[in-house]
Amino acid sequence: MTPDLTEIYRLQKEIDRLNEENQALKADFQKVQDFEALKSGADEIRSLAEKANRIQTDFLSMMSHEIRTPMNGVVGMTSLLLDTKLTPEQHNYLETLRVSADNLMGIINDILDFSKIESDKLTLDNNSFELRRCIEESLDVYAQKAIDKGVDLLYMLQPDVPPYLVGDMKRLRQVIGNLVNNAIKFTDEGEIFISAEKGVETKEYCEILFSVKDSGIGIPRDKLSQIFEAFTQGESFANRRYGGTGLGLAIARHIIGLMDGRMWAESTPGKGSTFYFSAKLKIAETPTTKLYIRGQIPELRNNRVLVVDSDQTTRQIFSVQFDSWGMKAFNAASAKEALQTIHSEDTYFDLGIIDMQLPDMTGIELAKAIKEIPFKGDIPFVLISSVGKISNLPPELFDAQLTKPVKLAELFDLVLSVIAEARNKKKLEADHNFDKKLSDKLPLNILLAEDNYTNQELVITLMRKMGYNIDSVDNGRKVLDMMETKKYDIILMDVQMPIMNGMEATSAINEQYPEGERPYIIAITANAMPGDRERFLEAGMVDYLSKPIRFKDVQEVLVRWGRKVHANNGL
């Protein structure tokens, strides 16, 4: 049978198609083999790279540790030598050695941290810590460097920021310190201001928002994206002029990332930069026991303080802090403004905080001018300086001095001691200014209503020196309660008190007691303004004493109204 040609042609076409598919399959197979070979090679290369990276990281880590041990000896022995007797030339040599050693230690620490980041071995601790202490310790390290450049270091925590947190204080301090060090490095004048405020709070964490603002050279906009990269400082000229490894910001940003935060910067060339970062931290359950954190205490409450500083940020920081202690801060941006405030009618102050560098005169000159003001210049002063402790400070002008950045605990202790010492001094002076036998000549039952413990103690001590044993309460409601148990001739009534103030208590007494049975009520006011005397008289008071209470005034008031008491009683 003769084969059908058509069928043969069809079969031949099918064979050709199968051959083509076979060739394609072979080509695909070859590609797979090539890919597997490439993959195997890539895996091998990756493995070699990871091994090389581990070797490099381990080497850097080992070398950093090995170098740090002798470097600690160099730094430590240099510090000891600086405390010995040296010639000026030797001291300069050692000081240069110390600075160089500190710089080298900083570089070594950066390399060690960066090697940990590269090997994914940088971890964080979780411990309870005080945020204010963390910031203050960060500033302590660079305070002298800022003083040497004449740059102010300032910081402020907003009142709602939790005082105690849970996290890695050491690493947070490292981040703040790095930003502060950079700010000082690139700032030749002005200030560096660190602030912290509360962000989002949940059951798991509290977000804290930080900023470090300087008035330095600034960073060009096109360089901002580069500054957080390793071994980069934004511009080659900055690296040449200011030095540094370029690792600090990269390390800081990584640490903040581990704290579930982020870091960024804003800058204007020639005007300064602000670095921002956030951190999510737990609020510590540790109860706060420190007085300067806990809040107001009677010894400081209602005390009036004059803050004289040309820097608005500094005035704001002091105002917020004094307000948290229950004090009343009055700000002045210049010596002229401070003198105008002092000279204003019936204004007095319990304390003065004066900056050394003012636009129109020095802090020493201002203190001297205020001390010469009759009846108003007897104010204890604290000098604040950006250039370290000032030697030979006139003791007749200043009771103490502080260096910026001012630590909160140090400020609290100093303010408390200065005010207490000033009041004790006035008590001692009182021994020569009044009649110690007045109570024998003019017996009186006296009640004092005053909510400020220090003022209360001052008046009681004064009265005792005149021979009077008086009763005291801290609000108007208690005045009414005391009057139900005892008949008083004179009530010294503070106008501003909690629960029931002096005006309200006086009105209640007028309603409850007939005119002949009422005690003479003498107002004690911290702010005697024009028209107040008339207002006190309308309320039923007979006289007033203006704070600060002067011994002579108290004696005159007691004599004037005590004689009326005795006249009314036919004595």
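What the table below lists for this structure:
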{"read-out": "Pick from segment 527-571, criterion among the β-branched types (Val, Ile, Thr) and at pLDDT 80 or above, ranking: farthest from Val459 (Cα to Cα)", "value": "Val565"}
{"read-out": "Matching residues, segment 170-185, being out of contact with any strand residue (DSSP E or B) (no Cβ under 7 Å at 6 or more places or on another chain) and more than 23 Å from Asn127 (Cα to Cα)", "value": "Asn181, Asn182, Lys185"}
{"read-out": "Tally, over segment 365-392, of residues that are buried (at least 18 other Cβ atoms within 10 Å of the Cβ) and hydrophobic (A, V, I, L, M, F, W, C)", "value": "8"}
{"read-out": "Lone qualifier among Leu462, Leu438, Leu492 - being at pLDDT 90 or above, among the hydrophobic types (A, V, I, L, M, F, W, C) and within 17 Å of Leu545 (Cβ to Cβ)", "value": "Leu492"}
{"read-out": "Top-ranked residue in segment 78-98 [being under 25 Å from Lys170 (Cβ atoms) and modelled with pLDDT of 70 or more; ranked as farthest from the chain's Cα centre (by Cα)]", "value": "Thr78"}
{"read-out": "Search result, residues across segment 362-393 that are under 27 Å from the mean Cα position of the chain (by Cα) and not β-branched (Val, Ile, Thr)", "value": "Gly363, Leu366, Ala367, Pro380, Phe381, Leu383, Ser385, Ser386, Gly388, Lys389, Ser391, Leu393"}
{"read-out": "Any hit, segment 274-290, residues being assigned to a loop (DSSP other than H, G, I, E, B), at pLDDT 90 or above and touching a strand residue (DSSP E or B) at 6+ places or on another chain (Cβ under 9 Å)", "value": "no"}
{"read-out": "Matching entry among Ile255, Ile219, Ile227, Ile251 (being outside any strand (DSSP E or B), modelled with pLDDT of 90 or more and over 20 Å from the mean Cα position of the chain (by Cα))", "value": "Ile255"}
{"read-out": "Filter result for Arg518 (of a type outside the set (Val, Ile, Thr), modelled with pLDDT of 85 or more, surrounded by fewer than 19 Cβ atoms within 10 Å (Cβ to Cβ) and more than 43 Å from the chain's Cα centre (by Cα))", "value": "yes"}
{"read-out": "Lys478, sole failed condition from (1) within 19 Å of Val542 (Cβ to Cβ); (2) at pLDDT 90 or above", "value": "(1)"}
{"read-out": "Verdict on Glu136 being buried (at least 19 other Cβ atoms within 10 Å of the Cβ), closer than 20 Å to Leu402 by Cα, out of contact with any helix residue (DSSP H, G or I) (no Cβ under 7 Å at 6 or more places or on another chain) and not β-branched (Val, Ile, Thr)", "value": "yes"}
{"read-out": "Unique match (being over 26 Å from the mean Cα position of the chain (by Cα) and surrounded by 20 or more Cβ atoms within 10 Å (Cβ to Cβ)) among Leu448, Leu397", "value": "Leu448"}
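Matching residues to (1) at pLDDT below 90; (2) among the polar types (S, T, N, Q); (3) closer than 19 Å to Val387 by Cα:
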residue	(1), (2), (3)
Leu131	no, no, no
Tyr142	yes, no, yes
Lys145	yes, no, yes
Asp152	yes, no, yes
Gly167	no, no, no
Lys170	yes, no, no
Val180	no, no, yes
Lys198	no, no, no
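The values are calculated or read from the model by the stated rules, or taken from the named source; none is laboratory data. What you see is a predicted model; the values in this text were computed from it and never measured. Using ideal geometry, Cβ is built from the backbone for each residue, glycine included, and neighbour counts are taken over all protein chains shown.
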